[in-house]
1. Report the FRET efficiency, 1/(1 + (r/R0)^6), for Leu10 and Asp60, where r is their Cβ-Cβ distance and R0 is 30 Å, rounded to 0.05.
2. What residues of region 1-41 lie in the reach of a label at Asp49, counting those whose backbone N is under 18 Å from a point 7 Å from the Cα along Cα→Cβ?
3. Just the Cα atoms of region 36-78: what Rg and Dmax do they give in Å?
4. Assuming 0.36 nm per residue, please report the length gained on full extension of the stretch Ala1 to Thr158 beyond their Cα-Cα distance.
5. Which distance in Å, rounded to a whole number, links the C-alpha centroids of region 15-94 and region 185-218?
6. Determine one quarter of the surface area of the Cα convex hull of region 139-216, which equals its mean projected area, and express it in nm² to one decimal.
7. Taking 20 °C and 1.002 mPa s as the conditions, I'd like the Stokes-Einstein D for region 194-258 in µm²/s, using the Kirkwood hydrodynamic radius from alpha carbon pairs.
8. Once fully extended, how much extra length lies between Glu133 and Ser193, figured as 0.36 nm per residue of separation less the alpha-carbon to alpha-carbon distance?
Amino acid sequence: AVWRFRILPLLKDVKRNVVDLCHYGFTEILNNAIDHSGSPTALISYEQDYATIKMTILDDGIGIFQRIQRDFKLPDARSALLELSKGKLTSDKKKHAGEGIFFTSRMFDEFAIESGDLFYIKHRQRDFEWLIESGDLAQYVRGTAVHMSISTDASWTTQDVFNEYQGDDFRFRKTHVPIKLGRYPNEQLVSRSQAKRVLARFDSFSEVLLDFEGVPQIGQAFADEMFRVFPNDHPEIKILTINTSPDIKKMIEYIRAQ
């Protein structure tokens, strides 16, 4: 009802595929706020000019990273951010499949979450490539703020995004994991325990794309756990890599040659 009566009338002279993308993203994020935040209200913002549509949904609830940390008994909110980025994460399987934020974040040119002292931003590059940023906010955000931005000239459809990450049986099969989310400030990725944190729930997917953007090096134990131990235990899961530095490529080649 909020979409139909409050937002849809504002989308004037917008292509059908863009309307559908906005419909999916807006309703997914608002429903998440209703079901999970515990906030009795939400602040909704809509802006449109010739080139861009921007939507923001801000609630006053527990905060998405804090909620995930609590429900999944994770050590901290930063770990929750990593798990959220993988997709298929929900604390209420009766109401949610855990795919809404994953798909929504890939339907917009820019998708951002701010909550507590953390932020997470995905920028669409070309095709289905992404620039992912995350880190610490300068100011604490109570509740959760989700920002979605899309070009009014966007050419893709909701089905294009689903097709990219679903198999022939329509199961959610692929995920794109930014490795830097597994690294805490002022530390390097060197240990097996760090690798296991990144690898958590990989067995839910048939294909995992590991994005090493912003990670210059990895240690031998981290690489061994990720590129030898896990693949040996799960040969049915395809592990792919992108944005690997020369040092990381060399380490992966060394481990895979064992």
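No lab work stands behind these numbers, since they all come straight from the coordinates. Everything quoted here is computed from the prediction, not taken from an experiment. Quick reminder, even Gly has a Cβ in these numbers, built from the backbone with ideal geometry, and neighbours come from all protein chains shown.
1. Once the sixth-power term is evaluated, E becomes 0.80.
2. Under cut-off, by backbone N: 11-14.
3. Computed over the Cα atoms of region 36-78, radius of gyration and Dmax are 14.6, 45 Å.
4. Gain on extension, Ala1 to Thr158, equals 54.5 nm.
5. One Cα centre to the other: 24 Å.
6. Answer in nm², one decimal: 8.6.
7. It diffuses with D of about 178 µm²/s by this estimate.
8. That works out to 19.3 nm of additional length.
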